[in-house]
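A.B. asks: Can you keep this structure in mind? I'll have questions shortly.
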Amino acid sequence: WLYKHVWNESRINNKLTDDSPRISMPRIRVNEILPFTNKQIYDLVVDVESYPKFLPWCTKTRVWDRQEKQFMAELTVSFKGIREKFQTLDVIEPHSKVEINLKSGPFQYLASTWQFHPIGEDRTQVEFFIDFRFSNKMKEMIMGPVFTQVSKQMISAFRKRAITLYRR
């Protein structure tokens with residue numbers, strides 16, 4: 001692919017309420033130029049119901065309260081024998097941006113953004129950002145590294161899905 005860039009940003013983490021040290025969780029940013037239109041990639045991202053078809057760690061999804069500029073989503077994810085469910089409020093700017101805001105689940109916080117910048121008629125610069133921390137130290141230790149790796153591979157999974165659907 002034409003351009004791909006991944007990096008982690010460090011965050012300063014405070015201590016847990018029990019004064020034990022906090023494991024540092026990364027902020028992840030991935031930028032990639034894909035040979036698809038911004039509408040095509042945007043449509044894949046907001047088609048949450050299809051995630052179990054191409055995201056192996058996503059086993060079930062549900063979407064409700066779909067409105068013009070937002071919708072609620074619930075994802076069930078499984079990794080390392082652990083199954084978790086979380087709900088988000090997804091705020092959308094059609095073909096341009098998706099902001100994902102945690103409503104409930106195993107995270108202390110989770111914030112994520114997808115941005116789609118058209119480059120010519122059939123290429124898009126896709127920017128994916130995610131920042132998260134699990135709600136307790138044990139979940140963070142067990143699931144944090146896996147969730148970090150999954151997050152880094154997110155655009156790649158959507159690129160492969162676009163190839164399957166749009167055959168380029």
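The values are calculated or read from the model by the stated rules, or taken from the named source; none is laboratory data. On a predicted model such as this, the values are computed, not experimentally measured, just so you know. All Cβ positions, glycine included, derive from the backbone under ideal geometry; neighbour counts span all protein chains shown. Surface accessibility is based on the protein's heavy atoms, side chains included, excluding ligands, DNA and RNA. Shrake-Rupley method; radii C 1.70, N 1.55, O 1.52, S 1.80 Å.
A.B. asks: Modelled with pLDDT of 75 or more, surrounded by 15 or more Cβ atoms within 10 Å (Cβ to Cβ) and in contact with a helix residue (DSSP H, G or I) (Cβ under 9 Å, 6 or more places away or on another chain) - does that describe any residue in segment 8-30? Break it down into steps so the answer makes sense when it comes.
C.D. replies: In the first step, residues of segment 8-30 are kept if they are modelled with pLDDT of 75 or more; the result is 27-30.
From what is left, the residues that are surrounded by 15 or more Cβ atoms within 10 Å (Cβ to Cβ) are 27-30.
Within this subset, residues satisfying the condition of being in contact with a helix residue (DSSP H, G or I) (Cβ under 9 Å, 6 or more places away or on another chain) are 28, 30.
Yes: segment 8-30 contains one or more residues that are modelled with pLDDT of 75 or more, surrounded by 15 or more Cβ atoms within 10 Å (Cβ to Cβ) and in contact with a helix residue (DSSP H, G or I) (Cβ under 9 Å, 6 or more places away or on another chain).
A.B. asks: Can you work out which of the residues in segment 82-129 that are farther than 19 Å from Thr61 by Cα and under 15 Å from the mean Cα position of the chain (by Cα) is modelled with the lowest pLDDT?
C.D. replies: Filtering segment 82-129 down to residues farther than 19 Å from Thr61 by Cα leaves 93-97, 108-109, 115-129.
Pick out the ones that are also under 15 Å from the mean Cα position of the chain (by Cα) and you get 97, 109, 115-116, 126-129.
Working: Lys97: 98, Tyr109: 89, Gln115: 97, Phe116: 97, Val126: 95, Glu127: 95, Phe128: 92, Phe129: 93.
Only one residue fits best here, namely Tyr109.
A.B. asks: Please report, ordered by residue number, the strands (runs of 3 or more DSSP E) entirely within segment 46-158 with at least 3 residues that are open to solvent by 30 Å² or more (accessible area, probe 1.4 Å), more than 20 Å from Val30 (Cα to Cα) and touching a residue at least 24 places away in the same chain (Cβ under 8 Å).
C.D. replies: Values: elements: 58-64, 70-79, 82-93, 97-104, 107-119, 123-134.
The strands (runs of 3 or more DSSP E) meeting that bar are 82-93.
A.B. asks: How many residues are of a type in the set (A, V, I, L, M, F, W, C), under 17 Å from Asn101 (Cβ atoms) and within 15 Å of the chain's Cα centre (by Cα) when one looks only at segment 44-76? I'd like the intermediate steps shown before the answer.
C.D. replies: Taking segment 44-76 first, the residues of a type in the set (A, V, I, L, M, F, W, C) are 44-46, 48, 54-55, 57-58, 63-64, 71-73, 75.
Subset that is under 17 Å from Asn101 (Cβ atoms): 45-46, 48, 63-64, 71-73, 75.
Of the ones still in play, those that are also within 15 Å of the chain's Cα centre (by Cα) are 45-46, 48, 72-73, 75.
Going through segment 44-76 one residue at a time, the tally reaches 6.
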